[in-house]
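What follows is a set of notes on a single structure, which appears directly below.
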Amino acid sequence: MLTDYHLHLRSDALDATAQEHYSPANVERYRTAARERGIAELGVSEHVYRFTQALDLWRHPFWEQYAHDDLDHYCGFVREQTDLRLGIETDFVPGAEDRTANLLERRDFDYVVGSVHFMREGAVDMGEYSAWDSGLSAEEIWRRYFRTLGEAAGSGLFDVLAHPDLVKWWGAERPLPEGDLRRYYELAIEGIAETGIAVEVSTAGLRKRAGEIYPAPAFLEMCLEVGASVALSSDAHRPQDVGADYEQALAMLSELGVGELCVFDRRVRRLEPIGASETSTPGPSGAGRA
Ligand SMILES: [Zn+2]
Ligand SMILES: [Zn+2]
């Protein structure tokens, strides 16, 4: 089985409408791309801050700008008009744990992807509201990012921990702490161990300035040591990125001895052996890619 659970049906453009992206035709474009790459298990996890209900969790100006859709309309569309797993990408908002739990528990998600894009000091992955403009050193930003990630993992709110070292998003365009980075990863490990949250291996970092898979192999290795299991995703925001660069992710997983991936159904997790399904377009020999 191969999965792609962290998918967005819309682009990040502010003017991308729900109408044009939450449609069976758009979903079919994602399905087709997945089929060509042997990915059988697909789920969508739209950003929570796209929905008006998210403003009960946080009224950050960035969220106020984006919160236009109705969450229940999205859930209804995915359940009734598609064969995708129903997920959501939910930011960890410290202090809003109860309200977050309430929002999530009232819908029948298959899984919840938990993210840290913002720390209290600002965002790590965008130019606006940037933590990198806060006057903190790279060391302090990395420390605070991984502490917040550990809090997110330990909160018990989420099934999957998204892009676990997103703080490297800018690559060489922002200062990188020196030396062995495991001293930062260590700050998140207790939270990861405590709840047994699945750790996302995401190829999205390869398409960003970071130019690397999230998380770094050393971080994933530490997660595996405390018993974490892996969820595999591309974080595609358009059909052509579904399953992008999975060869690299699968090579990394194989090197670290990971042979199974998490599969989710109504927030219950099971493990399935890694393997591509047969593609719908047989090769010259008549056999699909096994
Ligand atoms: Zn994200
Ligand atoms: Zn995402």
>> So for the stretch 28-69, averaging the separation of alpha carbon pairs under 8 Å that are six or more residues apart and normalising by length, what relative contact order in percent results?
In response: 32
> Average projected area of the Cα convex hull of the chain, in nm²?
Replying inline: 14.7
>> Running a GNM on the chain with Cα contacts under 10 Å, which residue among Leu187, Leu256, Leu42 ends up with the highest mean-square fluctuation?
In response: Leu256
>> Taking every DSSP beta bridge with both residues inside the chain, roughly what % is antiparallel (nearest 5)?
In response: 30
> With the dipole of the stretch 1-124 worked out from charges on the C-beta (+1 for Lys and Arg, -1 for Asp and Glu) around the Cα centre, which of His73, Asn102, His6 lies farthest toward the positive end?
Replying inline: His6
>> For the chain, what does the relative contact order come out to in percent, with C-alpha contacts under 8 Å and a separation of six or more?
In response: 22
> Counting every Cα pair in the stretch 1-153, what percent are over 24 Å apart?
Replying inline: 38
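Only helical DSSP H runs with n ≥ 4 go in: add -39500 (n - 2.57) per run for the chain, normalise by residue count and round the 222 nm mean residue ellipticity to 500 deg cm²/dmol. It would help to have the intermediate numbers written out before the result.
Working: 9 runs with 93 residues, N = 290.
Taking each H run of at least 4 residues, the total per residue is -9500 deg cm²/dmol.
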> Where a ≥ b ≥ c are the square roots of the eigenvalues of the C-alpha gyration tensor, would you call the stretch 129-249 rounded, which needs a/c under 1.5, or, failing that, prolate if a/b is larger than b/c, or oblate?
Replying inline: oblate
> Per the Kirkwood definition applied to all pairs of different Cα atoms, how many angstroms is the hydrodynamic radius of the stretch 4-72?
Replying inline: 13.2
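Taken together, the values in this text are just the output of simple stated rules run on the coordinates, not laboratory data. Since the structure is predicted, the reported quantities are computational estimates derived from the model, not experimental observations. Because the Cβ atoms are built from the backbone with ideal geometry, glycine has one as well, and the counts that use them run over all protein chains shown.
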